[in-house]
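First the structure, in the form of structure tokens, and then the observations on it.
The values are calculated or read from the model by the stated rules, or taken from the named source; none is laboratory data. Note that this is a predicted model, so its numbers are computed, not measured. Positions of Cβ are generated from backbone atoms using ideal geometry, with glycine treated the same way; all protein chains shown enter the neighbour counts.
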Amino acid sequence: MPCRAVLTMILLTLAFPAWAGGGAFHYDARMAFLKAGELALNLNRFGEQYEVTGEFQTSRAMSTYYTWNGVFAATGIWNMDGPVTKAYLARSSGKDDDLKIVLNTENEARLLDSPDGDFETIDKPAGNDLISALFFSPSCYKGGVVHDGEDAYQLKLRSSRTRTMSSGSEYYKGEVVDCDYDVRDHKDRKRRVIVSLADVGDTTVAVQLRAKIPVLPDAVFRLRMPLVTQTPRPVLAAQ
């Protein structure tokens, strides 16, 4: 597919030195009693560079009400504060199979908003991609802005605290740091997101993300344990 070719080109432009960490992380998404879907993330770090690839699939039960499926990838530099996005690609589809592809490079952002359309240039959103920033920052994210490739979101850290998490045998248990954020989108809508970080293997990763949605039950992503073993390699470049 064209988007896969573009993504492969992005990842192949990086020259990866020695393996520096990462892993495969699988999350269950729930809204109250309903399993909403599954999120799979892969992090590879090689020296000062990193890549994140991932996929979200809506569950069959959730598809009755809402469907969003997508794949995405981010590449960039890993500095003292964590990942800094340089390129990002996402391909998604909804209940009506409405295709959307967004591609960010260091110099521009491009959007394909329908399978019959053409790529158009859009304003490049500020900040790091939200997956890298919220799931893989080694401490509470202080960058203030994240994006989904198309739109930027303002983040304000309300508070942080250390606690012990107990989530059942299938999920992470142990000490976490809760990062409590106010999130504001481009339409000035405000949400609250609580990200729980923990050291898992050689990586600090979000073991739980809770998004508080007005009227609806909280959307919660929980890291499934034990982790899946991953071979240290650039995922697409090696295919």
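Where strands (runs of 3 or more DSSP E) sit wholly within region 108-185, those with at least 2 residues that are at pLDDT 95 or above and among the basic types (Lys, Arg) occupy 152-165.
For region 91-107, enumerate the residues that are free of Cβ contacts under 8 Å to residues at least 40 places away in the same chain and outside any loop (DSSP other than H, G, I, E, B).
Across region 91-107, the qualifying residues are SER92, SER93, GLY94, LYS100.
Being in contact with a helix residue (DSSP H, G or I) (Cβ under 8 Å, 6 or more places away or on another chain), free of Cβ contacts under 8 Å to residues at least 60 places away in the same chain and either closer than 22 Å to ASN79 by Cβ or of a type in the set (Phe, Trp, Tyr) (or both) is a description that does not apply to TYR172. Scanning region 77-86 for residues that are surrounded by fewer than 22 Cβ atoms within 10 Å (Cβ to Cβ) and modelled with pLDDT of 90 or more returns ILE77, TRP78, ASN79, GLY82, VAL84, LYS86.
Considering region 216-231, the residues that are surrounded by fewer than 11 Cβ atoms within 10 Å (Cβ to Cβ) and β-branched (Val, Ile, Thr) include one that is modelled with the highest pLDDT, namely THR229.
For region 193-202, name all the residues that are out of contact with any Lys or Arg (no Cβ under 8 Å at 6 or more places or on another chain), at pLDDT below 95 and buried (at least 18 other Cβ atoms within 10 Å of the Cβ). Passing the criteria: only VAL200. Taken together, VAL177, VAL205 contain a single residue that is closer than 28 Å to GLU150 by Cβ, touching a residue at least 24 places away in the same chain (Cβ under 8 Å) and crowded, with 16+ Cβ neighbours inside 10 Å, which is VAL205. Can you find a residue in region 129-142 that is among the charged types (D, E, K, R), surrounded by fewer than 16 Cβ atoms within 10 Å (Cβ to Cβ), touching a Lys or Arg at 6+ places or on another chain (Cβ under 6 Å) and farther than 17 Å from ALA74 by Cβ? No; the residues of region 129-142 include none that is among the charged types (D, E, K, R), surrounded by fewer than 16 Cβ atoms within 10 Å (Cβ to Cβ), touching a Lys or Arg at 6+ places or on another chain (Cβ under 6 Å) and farther than 17 Å from ALA74 by Cβ.
Only one entry in GLY82, GLY127 is farther than 13 Å from ASP151 by Cα and in contact (Cβ under 8 Å) with a residue 12 or more places away in the chain, namely GLY82. Taking region 7-74 as the region of interest, the strands (runs of 3 or more DSSP E) fully inside it that hold 2 or more residues being modelled with pLDDT of 65 or more and of a type in the set (Asp, Glu) are 49-58.
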